[in-house]
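Note sheet for the following structure.
The values are calculated or read from the model by the stated rules, or taken from the named source; none is laboratory data. These numbers come from a predicted model, not from an experiment. Positions of Cβ are generated from backbone atoms using ideal geometry, with glycine treated the same way; all protein chains shown enter the neighbour counts. Only protein heavy atoms, including side chains, enter the accessible area calculation; ligands, DNA and RNA are left aside. Shrake-Rupley method; radii C 1.70, N 1.55, O 1.52, S 1.80 Å.
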Amino acid sequence: MSLTLSATEINQYQKQGYVVPGYRLDPQILSRTQEALEALIRNNPGVRPEKLVSAHIEGPNKEGVIGSRAFLDLAMHKPIVDLVEQLIGQDIVLWGCHVFCKPAKEGFETPWHQDGHYWPIRPLATCTVWVALEPSTPENGCLRVIPGSQLGQHLYPHLHEDRNDLTLNQRMADGAFNEDEAVDLQLQPGQMSMHDVYMIHGAKANTSGQQRTGVALRYMPASSVFDRSLKPMDGQTGVPVSFATRPLWLLRGRDVSGQNDFITGHA
Ligand SMILES: O=C(O)CCC(=O)C(=O)O
């Protein structure tokens, strides 16, 4: 199976803002991560499974989740970081991991949004790798993207929705894009998609009988700064985060910005 992206795949990411690489996790790491998901849900009975933020931080984190090393291992898995390197360059910072598990029958909708709207990264840049742990289909609320919506690097207005049945409480205001252009990213377990920080994306509620889980791994080029003093959309997203205490890992290369803090948050 290919560990490198083809020129066509790289071109697609640049033009369309997303790509589904040919690479797929090997069965061993897939089943280890699936087992870790079961434990994660068991260990966090008070947290909605769509909101398992910083699941890669082992033990209780500052964001209300008891995480697991297995997700950090996934984020550091060489073939995945190799793919990321081809899209954002050789200086790579891992700054986040969010497990979006939508239980069968009652999985929350993820409203249309742009990630860049609520992340403290300047200049704004991140490649998300979304790893499917179960089949991800239109029936169980697969990720949906608006191809090309990242072009121009524009953040569109978002509206706050005070609801308790959404993965995030920020939804893009009407008129910024045409939902008819949405593409469903259908994935099998172990497959993954990669998307840009400016990409407009969302997912429907899961009303099917099949659980749907994606592990979203967040990587930024080390030329950007994870600015702990920023709190974009503080308290408005419906997901408790603590950017001030979030650990960062320099996975490859050097901190080109010279301003990232790799000490905070590490035990
Ligand atoms: O899995 C989902 O429903 C949403 C994922 C998402 O918004 C993301 O990874 O940025």
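Below 29 Å, Cα to Cα, which lysines can Lys102 reach? Residues fewer than 8 away in the same chain don't count.
The qualifying lysines are Lys51, Lys62, Lys78, Lys204, Lys231.
How large is the charge dipole for the stretch 7-252, taken about the Cα centre, if only the Cβ atoms of Lys, Arg (+1) and Asp, Glu (-1) carry charge, to the nearest 20 debye?
Value, rounded to 20: 540 debye.
Given the -39500 (n - 2.57) contribution per DSSP H run of 4+ residues, what per-residue ellipticity at 222 nm results for the chain, rounded to the nearest 500 deg cm²/dmol?
-5500 deg cm²/dmol
Could you point to the residue in Thr237, Gly253, Met220 farthest towards the positive end of the stretch 215-266's charge dipole, with +1 and -1 charges on the Cβ of Lys/Arg and Asp/Glu respectively?
Gly253
Pairs of Cα atoms under 8 Å, at least six residues apart: use those to get the relative contact order of the stretch 7-252, whole percent.
It rounds to 32 percent for the stretch 7-252.
Quick check for me: using +1 on Lys/Arg Cβ and -1 on Asp/Glu Cβ, what's the dipole size of the stretch 114-267 about its Cα centre, in debye to the nearest 20? Display every interim value, and only then the final one.
On the way: 12 positive and 16 negative charges, 119 e Å.
Taking the Cα centre of the stretch 114-267 as origin, the dipole is about 580 debye.
Could you name the aspartates and glutamates whose alpha carbon sits less than 19 Å from that of Lys105, not counting residues in the same chain fewer than 8 places away?
Filter leaves Glu38, Glu50, Glu134, Glu139, Asp165.
Which of the aspartates and glutamates could a cross-linker span from Lys15 if the Cα-Cα distance has to be under 12 Å and same-chain partners fewer than 8 positions apart are dropped?
Cα-Cα hits under 12 Å: Asp196.
Could you give me D for the stretch 42-180, from Stokes-Einstein at 10 °C and 1.306 mPa s, where the hydrodynamic radius is the Kirkwood radius over C-alpha pairs? Units µm² s⁻¹, please.
For the chosen part, D equals 94 µm²/s.
If every alpha-carbon in the chain counts as one equal scatterer, what log10 I(q)/I(0) does Debye give at q = 0.11 1/Å?
With one equal scatterer per Cα and no solvent, log10 I(q)/I(0) is -0.55.
Quote the charge dipole size of the stretch 1-44 about the Cα centre in Debye, to the nearest 20; the model charges only the Cβ of Lys and Arg (+1) and of Asp and Glu (-1).
80 debye
Considering only protein heavy atoms and a probe of 1.4 Å, how much of the accessible area of the stretch 60-172 is carbon and sulfur, as a whole percent?
54 percent
With every protein chain present, what is the per residue accessible area of the stretch 18-141 (1.4 Å probe, Å²)?
In whole numbers, the stretch 18-141 has 35 Å² accessible per residue.
For the chain, which DSSP H helices look membrane-span-like by this rule: Cα extent along the axis of 20 Å or more and mean Kyte-Doolittle of at least -1.0?
Values: long enough: 27-43 (24 Å, -0.33).
Answer set is 27-43.
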